[in-house]
Amino acid sequence: MGVQGLWDILNKAGQSRAFKNLTVVDGFEENESGRRAYRVGIDASIWYHHATFSKGGENPELRLFFFRLCKLLEFPLIPLFVFDGRERPKVKRGSKLGKAGSHNLTARVKQLLDCYGIEWRMARGEAEAELACLNRAGVIDAILTDDVDTLVFGARTVIKNPSLSLTGNKANPAQNYEGKTSKYHVMVFSAEALRNHPEVQMTRGGLVLFALLSGGDYDKGLNHFGPQIAHGLARLGFGDRLLEAYERQSGRNMTHFLSQWRAEINVELHTNAHKLLRCPYPSLSIPEDFPDMDVLRNYINPVCSASVGHQGGGALRDNGDLSIPRLAAFCEDHFGEWGHRSGILKRFRNVIWEASVIRVLRRAALEADELEKTKRIRAERTDTAIRGVLQLPTTEGVGTPASLVKKYLSPAEVDHRAAIFVQRNNNPAPLAGAEPDMYPMIRKILSARHHVSTDNLLEYRVEVDPRQLVALAESGIKGKHREPAGLANVSDDDSNEDDDEDATSSQGTNRRKRKKIKAPVDPQSMMRLWIPACMMRQVHPELVEDYEEAERAKLAKKNGAQRRRRK
């Protein structure tokens, strides 16, 4: 996939970062986008490829999408999925491509994305080219992908898909600051780092030349011009000159330039005058028909929204919200082996509730920003763009009341009667909005930490009451599948059965089989989650103050006891 040998060259310039740290610090705290989130573009076709390795059960490929999306939404992210469009190249790597949008998963994946409130778009051409266009225009902050072509197309920031089981990550895994391989970290590649790293020194022009010489999706490259030669010539600026000439002349009337350009490359090949090749190559020469102008155009000026004057394709809407009832109904319809009430509630507790809490906190933080912006406008201040975390008095916290939980996790009214039917009793869980704060979702802060898995990001251990979330899920379950007999089928032994690690690895199945069966957890029992401290501080300043006051009291008591012992 992509340009042969290019990742091997670029890996040296990658920066390992904890994904939570990246999304919280660069997205929520800095808030450059004004959305309290890190905006990430995703090429759907990459996930289609990964899904082919997911086996067993009902709809295993779709199940991979379900669990991966759960993981994504545990962070303050705005994902954008892009699908290949009708004007993509008809042939790649010598094979004809099917009709755009014809993948048998596409309709159901779009339906699932809608349940999660995730925006998706159809590209005009290739999704990776569209994403690079969106990244250059500042519509998205980064692209999450395995495909190095996005960098060739001009992307500014690329995050490699984090799974340790993916072949491309095994030789260069992300590591934490202790130097240990970490599933919580990702490799980040920026255009600036590629340009400035002393062993890489690759500009976009250099990347294009590398692709033309070494071979990629559109042709095989030149015989005997492997990655080492391609890299050496790219570092000498030949790619930059080619890119500049193409853009200056719109790809036309380049015969004279190309003739001189090829001659200069051949001199360097034959003499190695700048010592960036391993040795002189007197038997190698650039042929007179190089480069293929169609291939060059595919890399430099691919079909995307920018090519028709719609630079960036428009800002992200960020107007969709996770609908717990719709998602529960989707699981019931598509995952029959666990699409019953107890199975859905178990998996939602394990993989959906954290994403739900983060979603409500981010939306509440945006409401706090709007209130602050209104105050500044009334005070005739000029700094109306909100940057950094707001330091609000304890009396001005937006909080996460039941009204916000319902607003952002259930766009439609919840059906009491359906919940009673599914539970088969007359005491359904309390509904969001029924008693405004009878069952607050976020109750208190229990502890704090700086952990290696987050690059020492400050987090609070928060006690969460999931009863409102359980009620929303039950409202979407229709009761299509009978509850299984016994406890074995509803135990908590497979909470992450199809996460990124296991779904693409046959070893994951074996690991799951060896797990011990545990007794099921009451779906309405309290949970404890690690939540970024900055999100709690902006939304629940009163809970932060309560925790800090309790910690000060503990410290004073400890210091007093120590003084008494010394007397």
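Calculated from DSSP H runs of 4 or more alone, at -39500 (n - 2.57) each and per residue, what is the 222 nm mean residue ellipticity of the chain, nearest 500?
Value at 222 nm, helices only: -12500 deg cm²/dmol.
Helix 353-378 and the longest principal axis of the Cα set of the chain meet at an angle near 90°. Computed packing ranks the peptides 234-245, 149-160 as 149-160, 234-245, most packed first, by mean other Cβ atoms within 10 Å. Applying 0.36 nm per residue to the separation of residue 525 and residue 266 and subtracting their alpha-carbon distance, the gain on full extension is 86.1 nm.
Computed from Cα positions, the angle between helix 204-214 and the longest principal axis of the chain comes to roughly 70 degrees. The alpha-carbon of residue 55 sits under 20 angstrom from the alpha-carbons of these aspartates and glutamates, leaving out residues fewer than 8 places away in its chain: 332, 333, 337, 493, 494, 497, 498, 499, 500, 501, 502. Given the C-alpha centroids of region 225-243 and region 108-179, what is the distance between them in whole angstrom? Here the answer is 25 Å between Cα centres. Between helix 60-72 and the chain there is an angle of about 80 degrees, using the helix long axis and the longest principal axis of the Cα atoms. Listed cross-link partners 71/373; 110/170; 346/406 are compared with a 28 Å cut-off, the Cα-Cα value being larger for 71/373; 110/170.
Using a 1.4 Å probe over the heavy atoms of the protein chains, calculate the carbon and sulfur portion of the accessible area of the chain as a whole percent. Result for the chain: 48 percent of the exposed heavy-atom area is carbon or sulfur.
Scanning residues 5 or more positions from residue 38 or on other chains, those with amide H under 5 Å from its amide H are 28, 77, 78, with H placed 1.01 Å from N in the peptide plane. Per-peptide packing, taken as the mean over residues of other Cβ atoms within 10 Å, places 250-256, 227-233, 207-213, 461-467 in the sequence 207-213, 227-233, 461-467, 250-256 from highest down.
Ignoring ligands, DNA and RNA, what accessible area per residue does the chain give at 1.4 Å, in Å²? Write down the numbers at each step before the final one.
Details: 25780 Å² over 567 residues.
Ligands and nucleic acids excluded, the figure is 45 Å² per residue.
DSSP bridge analysis restricted to the chain gives an antiparallel fraction near 60%, rounded to the nearest 5.
Once both labels are positioned 7 Å from their Cα atoms along Cα-to-Cβ, the gap between residue 315 and residue 550 label points is 4.0 nm. Annotation: amide H-H contacts under 5 Å for residue 286 (H modelled 1.01 Å from N, sequence separation of 5 or more, or interchain): 266.
Which of the three applies to region 32-164, rounded, prolate or oblate, going by the alpha-carbon gyration tensor with a ≥ b ≥ c and a/c under 1.5 meaning rounded? If you can, show how the numbers build up before the last one.
Details: a/c = 1.60, a/b = 1.06, b/c = 1.52.
It comes out oblate by the Cα gyration axes.
Our summary gives the chain a relative contact order of 18 percent, counting only alpha carbon pairs under 8 angstrom and 6 or more residues apart. Dividing the mean sequence gap of close Cα pairs (under 8 Å, 6+ apart) by how many residues region 346-411 holds gives a relative contact order of 45 percent.
Near the amide H of residue 146, within less than 5 Å, lie the amide hydrogens of 161, all on another chain or at least 5 residues away, with H placed in the peptide plane.
Charges at C-beta only: +1 for Lys and Arg, -1 for Asp and Glu. How large is the resulting dipole of the chain about its Cα centre, in Debye rounded to 20? Could you put the intermediate results ahead of the total?
Working: 83 positive and 73 negative charges, 334 e Å.
In total the dipole reaches around 1600 debye.
Please identify the cysteines of the chain that lack any partner cysteine with a Cβ under 4.7 Å from their own Cβ. Taking the Cβ cut-off of 4.7 Å, the unpaired cysteines of the chain are 70, 115, 279, 331, 534.
The peptide list 350-360, 315-325, put in order of mean Cβ contacts within 10 Å with the highest first, becomes 350-360, 315-325.
Just so you know, the Rg over Rh for the chain is 1.03, from Cα atoms, with Rh as the Kirkwood radius.
How would you classify region 282-393 from its alpha-carbon gyration tensor, with a ≥ b ≥ c the square roots of the eigenvalues: rounded for a/c under 1.5, else prolate if a/b is greater than b/c, otherwise oblate? Verdict is oblate for region 282-393. Backbone geometry of region 109-118 corresponds, through the Karplus equation with coefficients 6.51, -1.76 and 1.60 at θ = phi - 60°, to 3J(HN,Hα) couplings of 5, 4, 5, 5, 4, 5, 4, 7, x, 9 Hz, x marking Gly and Pro.
The values are calculated or read from the model by the stated rules, or taken from the named source; none is laboratory data. It should be emphasised that the depicted structure is a prediction, and the values quoted were computed from it without experimental measurement. Glycine gets a Cβ as well: all are built from the backbone with ideal geometry, and neighbour counts include every protein chain shown. Note: areas computed on protein heavy atoms with side chains; ligands, DNA, RNA excluded. Shrake-Rupley method; radii C 1.70, N 1.55, O 1.52, S 1.80 Å.
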